[in-house]
Every structure is written in C-alpha cells, then in structure tokens.
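Quick notes on the structure that follows.
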Amino acid sequence: MADFQTIGQRHIRVDALDKVTGKAMYAGDVYLPGMLMCKLLVSTHSHARIVSIDTSAAEELPGVKAVITGKDYPDARFGSGALKDRRVMAVDEVFYIGEPIAAVAADDEITALEAVELIKVQYQDIDKVVDPLEAISSGSKDVHPDLEEFEGYGFALGGNNCTMLDADRGDVDQGFKDSDIIVEETYHTQPISQGFLEPMACVADVEANGRLDIYASTQGPYQVRAQLASVLEMPISNIKVTAMEMGGGFGAKLRLALEAFPALLAMKTGRPVKLVNTREEAFTLNGPRLETNIYLKTGVTNDGTILAREARSIFDVGAYLGAGPNAGVGHGLGAYKIPNFKLRSYGVYTNKIYVGSYRASGVADMTFATESHTDVLAHKVGMDPFEFRLKNALSEGDTAVNGSTIPENGLMETMEALKEKMGLPKRLPSTPKEARGVGISVGEWRSGSGPSTASISVNEDGTVSLLTGSVDISGSDTSLAQIAAEALGLRLDQVVVAKRNTDMAPFTGPSGGSRIVYSQGRAVQNAAEDAKSKLLELAADRLGVPADALECSGGSVYVQDNPPQSMDLGQLGRMSLSSRGGPIIGTSSLSSLPYAPVFNAQGAEVIVDRETGQVRVTRFVQAQDIGRAINPMGVEGQLEGGAVQGIGRALSEEILIHKESGEVRNPSLATYLMPLSVDMPEIENILVEIPSADGPFGARAVAESPGFGPPAAIANAIYDAVGVRVKTLPLSAERVLAAIQGKNDDEYSVDVEELRAAEGP
C-alpha cells in the first residue's frame, strides 16, 4: 500500500463541531427580515377534476399576503428526466391524494394554516387505478390519456406504461432448452420512505434587481435551479440556489420539490417566503419508493452454471415519473455472468404519490429478487449457496449488461472475506421453539459519475481554499479535503472547504449515486495537482532549479536533493499576488469517469420464532470493495448506515397505502416502523481495498451498495432456519408465520404472457 500522509487516516467530519453545537445552518434556520410563512393545500382525492377553487375567504383573512393556485404558474411541465409529465401544482385535474393545489403566504404559520382551511375546492371524481399490475394490464383506465403528448415521451407499451427499458443478449430460448433446471418466481417489494430526519425546507427571496435567491435543503442545487427556471420561465442566470446543511436526503432531495411555491409567492409579494414541510408532507411530496413486482425465470445446468434469464420488472411510479425503472435492466443479472438474457423493465403510472430516488433507485428491489432467486437456484442444484455464487460470479474482462467490459474489481475478495469472517458454510443450532439460520447476498453498484468541477486557491498564509459545487450529505467534504491535502502535502486543517451556491461554485452534478468521492474527488485531485504544478513552477523560478527537482510536502516546496533549500506555501502564496502568473488557482473540470464496479457481500444470522414468525437478526457481516478508504471512519459510518436501512426495509418498514383510494395511511414516524437501535445487531464491516484505476487515490463509491443486500440475506437466512421462502417484503412476523403454516405467498403474480404479447416480436 502506498505511503499516504492523510489518505487512510481516521478523521472526524470537518463540520462536526458546528453540527453538535447547533451552529450549522439548515434551511429551516434561515430567517430574513419581513419573512412570510407558506402553507400548502393538497388534494383529498386520488383522481378528480377540479371544478372550482374559491380562495376569496383566504385572501380576506388578516395577515394573508398572497394565495396562488396552479393557474398562477406558466403552463410549463417538468420532470425528473427526459419525460416532462408534471406541473408544479394541479391545474384542472388532480392525480393523487396529497397533490398541491394552492399555496398561502401569511405573516405567520398559524394564519397561513387558517387560510388554507378557508379555501373551498369542488371536485368531480374520475376513475382511478391504484394497483400497478392492474394499471399495466390491457383495458386499464389511463392515468394520463395524453401521455404521448408529453415532451420527452419515448418508446413504451402505451396506456399507463410511461417508460420501458430492455436489454437482450444471446439466445435466451436456446439457453432455456440447454438448461437442466428452470426456476420461475415472482418477488414483491413494498413502498418505503427514505426516512430523513430533516423535513424539506426552503426560503425564497427576491433581490432589488429581480433575481431570485433560494435557500434550500437540496442534494442538487444546479438541478433545482434549472427546473425552477423552466417552470417559472426565467433565465437560469436570474436564480441563485444556496444548498444549506442537510439532515438526511438519501435521494429524496435530488430535484425540484417545494422550492417553486415560496419562489412564486416571494415574486408576488416582494417579501421573503419560507416553507417547511410537515412530516406528513415528507411522505407524500418528496417521492418515496413505491412497490415493485419482479418476475424472474432462470435456467441452470446440473453442475450449477447459469445459462439463461428472462426478467420482467414492474415499477410503480405513482402519478408522475420520478426515478424510473433503470435498475430492472441494469441490475437484472445481479453480480453474475449469464450468457443469454432478455430483460424488460416498466415504469407504470398509478393514482398514488409519485416515486423518487432512494439509495440507488430500484437496485435494492432488484437485489432482493435476484439474490433470493440465486439462493433458490443453488438449492435446486444441490450446491452450497456461497459456492454457487462463486462459480457464476463476474470477473475482470466479462461483459456487463450494458456491453461494457468489467474492469479490475474486488468481488472475489469481498466474497472470500465474508466466507472467512462468518466461517461459511455453517449450521446454527436450533430448538423446537427457535430456529436459527444463515443467509448471504451479493450486491453490485457502479461508482457514480457525472459533471464534476473544483478549484483550489493558495492563500497568503499557506492554507488553501477548496471550492466545489457538490453538497455534503455524508461527510464528503472531509474526504474531499483529505484528497486535496494529500495531493498538496498539507495537513487536513490547512484545507478550508468553502460554502457554496450556484453563483460562486462551478457547476457539478447532484450529490447522489455515491458519485462525490469517486467523481468529484477526482476533480479535486486534478485541481490540487494543477495548483501544485503552479506552485512548483513559481518556486523553481525563485530557487533557481528545475521544477522537476522540487517536491511539495509538509506545507513547503523544497529541493529534493537539498530539503533545507525551500519555500513555504505562505511565501509562495504572497509572491504569486505580484508574479506574472498571478494568484495560484488550480482548476479541474470533467464530464464523467469510466465504469468502476463496487461489490458488497453480506451475511446475516437470524433467529425465527416458530410460533409467532418473529425474526431477529443476531449478527450481520458485510465486506465491501471500497477501492481506497479515504477516511475509514466515514466509510464505516456509510456502510453501517446503509446496512441499517436495508435491515429496516427487510423487517418492518412499509408505507401503507390504501388499496382502493391510494391514500397514505401511516405518514408519521410513529406509525412508519423504522427500526430502533435495540432492533439492530452489531454490524461487522470488512474494508476490502482493490484500488480503482480512475478514482482519486484509487477510491470507489461506498454508500449505495450496503443497503441492497440485507433483505435477501435475511430472507435466505429465514429459509435456512425454517425451510420456507418469503418472496414479499417486509418479512413481517405475520408473513413469515403464514409461510411456516404453508400458506401461499403468490398474491403478486405478473401476467408475463400478456406483457410478451404487448411487446410484440
């Protein structure tokens, strides 16, 4: 391993002191003189025409300064991707319970709430569809009959199928003919919330020159700026977005959410306007994940070689397409080489809350299906589940689903590390009342990429200022500062990470998909190397030696053969102010980085109560190839956090949506069953370091994949304990007990034949 000074050292977050002392400024903490408070009126109908909206009583209430409806906005649609299917507010029609239809700005929150209650809305109900399996079937009512008129609409099956992705390779029919064993299963995953603690908040203000200032809890300030400019029909240059500190996002805060409401009210009143979502609105307006139904058909030989797979994944996207069904194709094979496959993934409209991102949209759903399925295949051919996975695992040089070549990676190493740590294969002793079992799963993610920029300025006192456009949601500022310090030979405390907004910081992609350390970190490293080269050039001129004879370390530039002959960075920073080259600023800009796979192997040990079906995870182990641990403390925190979310998804978390109305029935942290600390086992992390060729100092992504595997690992452990498969999440006591009692778990069956017919030849 290379000899690093800062990389690989355990550091507390650079913002830790501000956060624990309450000095960190969140969007909800922003107060501007004359600020008004905003509240929303939302639909109580899942699908209806708006016959009339009477806002007169609300407008007459003392303290109310403005009331707006959908008709106050330009007739512009926006979307999370290419498909633009949403308006900021409903205009003539509502598509789900909770959809905004009016907003109020008042002197205080109580007055705003009173005004909302005074708005009278008359609805005329329209036929609705709530079940995605019904929605995609022939003859279903269309949620958006004008779908094909939306900008960005591409190929799909029509009706309620708003997007479809596919991938084929080889001859899948021949692959099944050559298989000795064919297994067909359907898996179901539940609606789930990101569970962030800080509700979304935004303050909008209008400057004297008419420019719009936005202070928001957002992972993507540039994305918010672009979408806001689109829906308000304003130039991007007239909007400044400041990303405040954030108390959790996990993908929910990637795009435009509530910012348009206070923005338009601020423009209308000429005063700052603040909107803070309620917890209930966090469940209905911030795009949680909705249910997914996944059909898998896989053929395997008697010696355990997987030959063919057909997959059909139906992702419920709710009323509008947020985060689509990409994972149904991109992760339809799991971490395995399968020569013949046909993968189809559908995004389906229903009259429910719209779907958003949550730690790699849809990958956790697919991993539950593919890794449960992998376990079934292993047992069908009579192989140990670990050895079966090892036999079929991807390796360097294999071809990924998208046709790219698999580069060097640590899949084998992570699997072997898990095997050694858990002592696999193993059997745990059981009693007549309590059965014990062991299960494993393997997950894969691709290190996130996308536009990344950075600049580093050398200051007169020898410190450097780091400026990026990325938002710190996981301690990434600390890792970026470590990367800059390592490249420049500085201590961590000599790197200052500047707070940013869209006016001052260079453009960068959103903080999501685990792209910041991998992609943004590479931009920071490049910027530091650029600054370093300029430092060496200036020092070479002053010391009278060639630049390649110099080294930068310990806060100074010195002659390699004569270290006492040196200049500190403070001297060089001051000299640069009057030098021909000017102040030293290193910059970097890149669009994307090559594919760098991240593999995670996880194992769970469980106890199942045979009488109640209650499942308790007693041990959880995970090994992940993180490339290079920039900050091991931060890496471990991300691994543990992802695993905890995955265990919650596995055992208890579920947004309960009424099967007839589409209404969210448990929009609170009291009724949405997130696990508590007492529910968690100790999580054992193994850091495998197989450096990436492209990541900064070899780093790969970290945060996404730990949340993928726990549901499958736990489901497989349940099978090992009591011999039954549960194919529907969450793995509740009621569902496990029903399986023990022999009751069928096939309530979510996909009509594959109808889908095949609809797709055509």
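The values are calculated or read from the model by the stated rules, or taken from the named source; none is laboratory data. Everything quoted here is computed from the prediction, not taken from an experiment. All Cβ positions, even for glycine, are placed from backbone atoms using ideal geometry, and neighbour counts span all protein chains on display.
Scan segment 261-294 residue by residue and report those that are among the β-branched types (Val, Ile, Thr) and either under 24 Å from the mean Cα position of the chain (by Cα) or in the same structural domain as Ala369 (by TED's automatic domain parsing) (or both). Selection gives Val276, Thr278, Thr284, Thr292, Ile294. Of all residues in segment 218-249, exactly one satisfies the criterion of being of a type in the set (Val, Ile, Thr), within 18 Å of Ala201 (Cβ to Cβ) and without any contact (Cβ under 8 Å) to a residue 60 or more places away in the chain, namely Val224. Among the residues of segment 609-620, those that are part of a strand (DSSP E or B) and surrounded by fewer than 24 Cβ atoms within 10 Å (Cβ to Cβ) comprise Asp609, Arg616, Val617, Thr618, Arg619.
Please specify each residue of segment 430-472 satisfying the condition of being small (Gly, Ala, Ser) and within 23 Å of Gly362 (Cα to Cα). Explain how you work it out, then say what you get.
The first filter runs over segment 430-472 and keeps only residues small (Gly, Ala, Ser), leaving 430, 435, 437, 439, 441, 443, 447-450, 452, 454-455, 457, 462, 465, 469-470.
Result: Gly439, Ser441, Gly443, Ser447, Gly448, Ser449, Gly450.
Residues that are farther than 30 Å from Met415 by Cβ, part of a strand (DSSP E or B) and touching a helix residue (DSSP H, G or I) at 6+ places or on another chain (Cβ under 8 Å) within segment 315-354 comprise Asp316, Tyr346, Val348, Tyr349, listed in sequence order.
Filter segment 464-492 down to the residues that are under 22 Å from the mean Cα position of the chain (by Cα), under 14 Å from Gly586 (Cβ atoms) and among the β-branched types (Val, Ile, Thr) and list them by number. Correct list: Thr468 only.
Any chance you could count how many residues in segment 151-181 are closer than 21 Å to Leu296 by Cβ and surrounded by fewer than 18 Cβ atoms within 10 Å (Cβ to Cβ)? Quick ask: steps written out before the conclusion?
Let us first name the residues in segment 151-181 that are closer than 21 Å to Leu296 by Cβ, namely 157, 161, 163-181.
Those left that are additionally surrounded by fewer than 18 Cβ atoms within 10 Å (Cβ to Cβ): 166, 168-171, 173-174, 176-178, 180-181.
Final tally of qualifying residues: 12.
Among the criteria (1) closer than 27 Å to Asp131 by Cβ; (2) hydroxyl-bearing (Ser, Thr, Tyr); (3) crowded, with 22+ Cβ neighbours inside 10 Å, the one Thr44 does not fulfil is (3). The residue of segment 61-87 that is farthest from Thr163 (Cα to Cα), among those that are touching a strand residue (DSSP E or B) at 6+ places or on another chain (Cβ under 6 Å) and at pLDDT 95 or above, is Gly63.
Could you identify the single residue in Asp365, Asp375 that is closer than 26 Å to Gly154 by Cβ and either touching a helix residue (DSSP H, G or I) at 6+ places or on another chain (Cβ under 8 Å) or surrounded by 24 or more Cβ atoms within 10 Å (Cβ to Cβ) (or both)?
Working: Asp375 fails: closer than 26 Å to Gly154 by Cβ.
None of the other options fit; the residue is Asp365.
Only helices (runs of 4 or more DSSP H) wholly contained in segment 74-186 count here; list those with 1 or more residues that are over 24 Å from Thr44 (Cα atoms), without any contact (Cβ under 8 Å) to a residue 40 or more places away in the chain and not assigned by TED's automatic domain parsing to the domain that holds Ser43. Please lay out each step first, then the result.
Values: elements: 109-118, 132-135, 172-177.
Of the helices (runs of 4 or more DSSP H) lying wholly inside segment 74-186, those with at least 1 residues that are over 24 Å from Thr44 (Cα atoms), without any contact (Cβ under 8 Å) to a residue 40 or more places away in the chain and not assigned by TED's automatic domain parsing to the domain that holds Ser43 span 172-177.
Would it be correct to say that Thr405 is polar (S, T, N, Q), at pLDDT below 95 and more than 25 Å from Gly637 (Cβ to Cβ)? Here the answer is yes, as Thr405 does meet what is asked.
Among (1) out of contact with any Asp or Glu (no Cβ under 7 Å at 6 or more places or on another chain); (2) closer than 25 Å to Thr189 by Cα; (3) surrounded by fewer than 19 Cβ atoms within 10 Å (Cβ to Cβ); (4) not hydroxyl-bearing (Ser, Thr, Tyr), there is one condition Glu117 misses while meeting the rest; what is its number? Glu117 satisfies every listed condition except (2).
Has segment 295-303 got at least one residue that is farther than 21 Å from Lys727 by Cβ, outside the structural domain of Glu654 (by TED's automatic domain parsing), modelled with pLDDT under 95 and not aliphatic (A, V, I, L, M)? Before the answer, list the steps.
Just the residues of segment 295-303 that are farther than 21 Å from Lys727 by Cβ, to begin with: 301-303.
Next, only the ones that are outside the structural domain of Glu654 (by TED's automatic domain parsing) stay: 301-303.
Going one step further and asking which of them are modelled with pLDDT under 95, we end up with none.
Scanning segment 295-303 turns up no residue that is farther than 21 Å from Lys727 by Cβ, outside the structural domain of Glu654 (by TED's automatic domain parsing), modelled with pLDDT under 95 and not aliphatic (A, V, I, L, M).
In this structure, Ile7 does satisfy being within 28 Å of the chain's Cα centre (by Cα) and either under 30 Å from Glu689 (Cα atoms) or touching a residue at least 40 places away in the same chain (Cβ under 8 Å) (or both). Looking at Ile686, is it modelled with pLDDT of 95 or more, in contact with a helix residue (DSSP H, G or I) (Cβ under 9 Å, 6 or more places away or on another chain) and surrounded by fewer than 21 Cβ atoms within 10 Å (Cβ to Cβ)? Yes.
Taking segment 689-719 as the range and being within 23 Å of Gln614 (Cα to Cα) and surrounded by 24 or more Cβ atoms within 10 Å (Cβ to Cβ) as the test, the residues that pass are Gly707, Phe708, Gly709, Pro710, Pro711, Ala712, Ala713, Ile714, Ala715, Asn716, Ala717, Ile718. Inclusion of Lys743 among residues that are of a type in the set (Lys, Arg), surrounded by fewer than 17 Cβ atoms within 10 Å (Cβ to Cβ) and either outside the structural domain of Arg610 (by TED's automatic domain parsing) or over 15 Å from Val617 (Cβ atoms) (or both) is warranted. Scanning segment 54-71 for residues that are surrounded by 16 or more Cβ atoms within 10 Å (Cβ to Cβ) and part of a helix (DSSP H, G or I) returns Ala58, Gly70.
Here is a yes/no grid of residues against (1) of a type outside the set (Phe, Trp, Tyr); (2) part of a loop (DSSP other than H, G, I, E, B); (3) assigned by TED's automatic domain parsing to the domain that holds Arg522; (4) out of contact with any strand residue (DSSP E or B) (no Cβ under 8 Å at 6 or more places or on another chain):
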| residue | (1), (2), (3), (4) |
| --- | --- |
| Gln602 | yes, no, no, no |
| Ile607 | yes, no, no, no |
| Arg628 | yes, yes, no, yes |
| Gly634 | yes, no, no, yes |
| Leu639 | yes, no, no, no |
| Gly648 | yes, no, no, yes |
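Restricting attention to segment 233-265 and to residues that are assigned to a helix (DSSP H, G or I) and in contact with a strand residue (DSSP E or B) (Cβ under 8 Å, 6 or more places away or on another chain), the residue that is farthest from Asn286 (Cα to Cα) turns out to be Asn238. Considering only residues in segment 182-206 that are of a type in the set (Val, Ile, Thr) and under 19 Å from the mean Cα position of the chain (by Cα), the one that is surrounded by the most Cβ atoms within 10 Å (Cβ to Cβ) turns out to be Thr189.
Residues in segment 491-521 that are farther than 23 Å from Met244 by Cβ and surrounded by fewer than 24 Cβ atoms within 10 Å (Cβ to Cβ): 4 in all.
Quick check on Leu390: is it in a helix (DSSP H, G or I) and either free of Cβ contacts under 8 Å to residues at least 60 places away in the same chain or at positive phi (or both)?
When the stated conditions are applied, Leu390 passes them.
Test Gln624 against the stated conditions and say whether it is within 30 Å of Ser447 (Cβ to Cβ) and surrounded by 16 or more Cβ atoms within 10 Å (Cβ to Cβ). Yes.
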